[in-house]
Amino acid sequence: MAPFALVGMSAGLALFWAGAGALTRVMGGTALAFIASFALVEVARSYVLTGFPWALVGHIWIDTPVVHMAALVGHHGLTLLALAAATGLVLLVSPTRRWWGAASLAAIAAVAIWGGLVAGDRPGATRAQAADVASDTASDRPVIRMVQPNAPQHLKWDRTMIPVFFQRQIDYTAAPSDNPDQPRPDLVIWSETALSVILENAQPELEAIALAAGGVPVVLGIQRFVGQRTYNSALYLDQGGVIRAIYDKHQLVPFGEYMPFGEVMAKFGIHGMAASRGGGFSPGPGARLMDLGALGAALPLICYEAVFPQFINSAPDRPDFLMQITNDAWFGALSGPYQHLAQARLRAVEQGLPMVRVANTGVSAMIDPLGRVTASLPLGVAGWIDAPLPAPRPATLYARTGEWPMLAIILGLLLLSAGVHRHAQRQAARAK
């Protein structure tokens, strides 16, 4: 489906911003119309056809103190702040609206100061919070091993290389810890589709994994079949190597993992693109917690499910931590893996939860609730790393309220902009 992904997704994303430009013009082309219109289409592309909220405007704040506002307003709130800042810069050079620009930029500066002093800066954080985070990752926290085989996409499914990558992961799983006080981790995690065989044929591999783990539970990615449907799944193997939980990826990549309207096309005789006929993956039932025993409950996220905050919000209960497994080898050594990591960090900030992230080719990372990377393996490197799981924070305002407050604000701004434009039209008509 790669050709469809390249053309279909690029064209589809372009339509959103074209629509924002058209809507801005229809509502008079004012600064308020610009902010409201572009904020609205960024929301729309987060939902339409299951959504693709990759590289939203608000993501520019991830490496700044402003990112901590996400704990209150989420990523759409950050988008509003970004649009307001951009508009403020434009108004600042306008001879008639300069004070509006100055006011906007002053407000953004105030938010940045608040983020640094109250919510914690990145990468340094305030001294009190730095000490707090250090205590959260103390020796009494469970230790998780992240296994990164670094299987390039063009070799990952090569029959001659499959046993090489599998053995590499087995060796990393069995390796003794560098910490004499913690000879073995409490959990081992492999990446998305870490096994090349389907679940129904994977018993020998699962037995080898359990043997290498030596009584340590393992989470790993694998594909499985149910009838004619294919699922991208995560397994939890307990200390004895028994499958205790299976999670099926729900949020699928349009054009990449499934073809939009594939089932509709099947009704007209085009069956190859229908998930029910084996054309691409089928979605799982939705967000589900995975009970990991003494480690608590994790919310598994496969690949780009971590870019959907609303998906995390849909979980039936609040997890103890977020657990993402992904294969970012598709991006090679370009910016994609770093963008994906940045969005994972944003999810941690929004929820006030730590996230463990295991990627085939990197970047595998342990992320604390402030969005800071406490341990990681670089992109394009094979290896493993043990890291303590940071403690979760109390549920943030965003975790409690979700998307609705910001959606209401954006719609309110849109209605206000429409009202201002209508009033201006009436005034112009009276002047004639």
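No lab work stands behind these numbers, since they all come straight from the coordinates. Nothing here was measured: the structure is a model prediction, and the numbers come from that model. Glycine also receives a Cβ, built like all others from the backbone with ideal geometry; neighbour counts cover every protein chain displayed.
Could you tell me the calculated FRET efficiency between Thr160 and Ala294, based on Cβ-Cβ distance and R0 = 30 angstrom, to the nearest 0.05? Mind dumping the intermediate values first?
Details: r = 40 Å, r/R0 = 1.33.
My answer for the efficiency is 0.15.
Where only DSSP H runs of four or more residues are counted, the chain gives -13000 deg cm²/dmol as its mean residue ellipticity at 222 nm, each run worth -39500 (n - 2.57).
Taking the range 391-411 and a reference point 7 angstrom along Cα→Cβ of Gln182, the backbone N atoms nearer than 19 Å belong to 391-393.
Assuming a ≥ b ≥ c are the square roots of the Cα gyration tensor eigenvalues, decide whether the chain counts as rounded (a/c under 1.5), prolate (otherwise, with a/b larger than b/c) or oblate. Oblate, since a/c reaches 1.5 and b/c is not below a/b. Rounded to the nearest whole Hz, the Karplus-based 3J(HN,Hα) values (6.51 cos²θ - 1.76 cosθ + 1.60, θ = phi - 60°) of the range 370-377 follow the sequence 8, x, 8, 7, 9, 7, 7, 10, with x at glycine and proline. Projected label points at Ala395 and Ala103, each 7 Å from Cα along the beta carbon direction, are separated by 3.6 nanometres. Spin-label model, Val93 to Val226: label points 7 Å out along the Cα-to-beta-carbon direction sit 5.6 nm apart. Across the range 401-418, computed HN-Hα scalar couplings (Karplus, 6.51 cos²θ - 1.76 cosθ + 1.60, θ = phi - 60°) run 9, x, 7, 4, x, 6, 4, 5, 5, 5, 5, x, 5, 5, 5, 5, 4, 5 Hz from first to last residue, x flagging Gly and Pro. In plain terms, the residue of Ser37, Ser233 with the fewest other Cβ atoms within 10 Å comes first and the most crowded comes last, giving Ser233, Ser37. Ordering Val349, Leu416, Ala365 by the projection of their Cα atoms onto the charge dipole of the range 349-432, which places +1 on the Cβ of Lys and Arg and -1 on the Cβ of Asp and Glu, puts Leu416 at the extreme positive end. By DSSP, the beta bridges lying fully in the chain are antiparallel in about 65 percent of cases. At full extension, Ala55 and Ala431 could sit 130.9 nm farther apart than now, given 0.36 nm per residue minus the alpha carbon distance. Summarising the amide proton neighbourhood of Arg229: residues at separation of 5 or more, or on other chains, whose placed amide H is nearer than 5 Å comprise an empty set. Taking amide H as placed 1.01 Å from N in the peptide plane, Ala194 has its amide H under 5 Å from the amide H of Gly221, Ile222, each at least 5 places away in sequence or on another chain. Label the range 293-432 by shape, choosing from rounded, prolate and oblate, from the square roots a ≥ b ≥ c of the eigenvalues of the Cα gyration tensor; if a/c is under 1.5 it is rounded, and otherwise prolate applies when a/b is larger than b/c, oblate when it is not. Taking the square roots of the gyration eigenvalues as a ≥ b ≥ c, the range 293-432 is prolate. Summing Cβ point charges (Lys, Arg +1; Asp, Glu -1) relative to the Cα centre of the chain gives a dipole of roughly 1980 debye. Note on the range 183-233: with charges restricted to the Cβ of Lys and Arg (+1) and Asp and Glu (-1), its dipole about the Cα centre is near 100 debye. On the basis of the beta-carbon distance and an R0 of 35 Å, Asp63 and Ala18 show a calculated FRET efficiency of 0.75. Rounded to the nearest Hz, the phi-derived 3J(HN,Hα) couplings of the range 323-337 under the Karplus curve 6.51 cos²θ - 1.76 cosθ + 1.60 (θ = phi - 60°) are 9, 10, 10, 8, 10, 9, 4, 4, 7, x, 9, 7, 7, x, x, where x marks glycine and proline.
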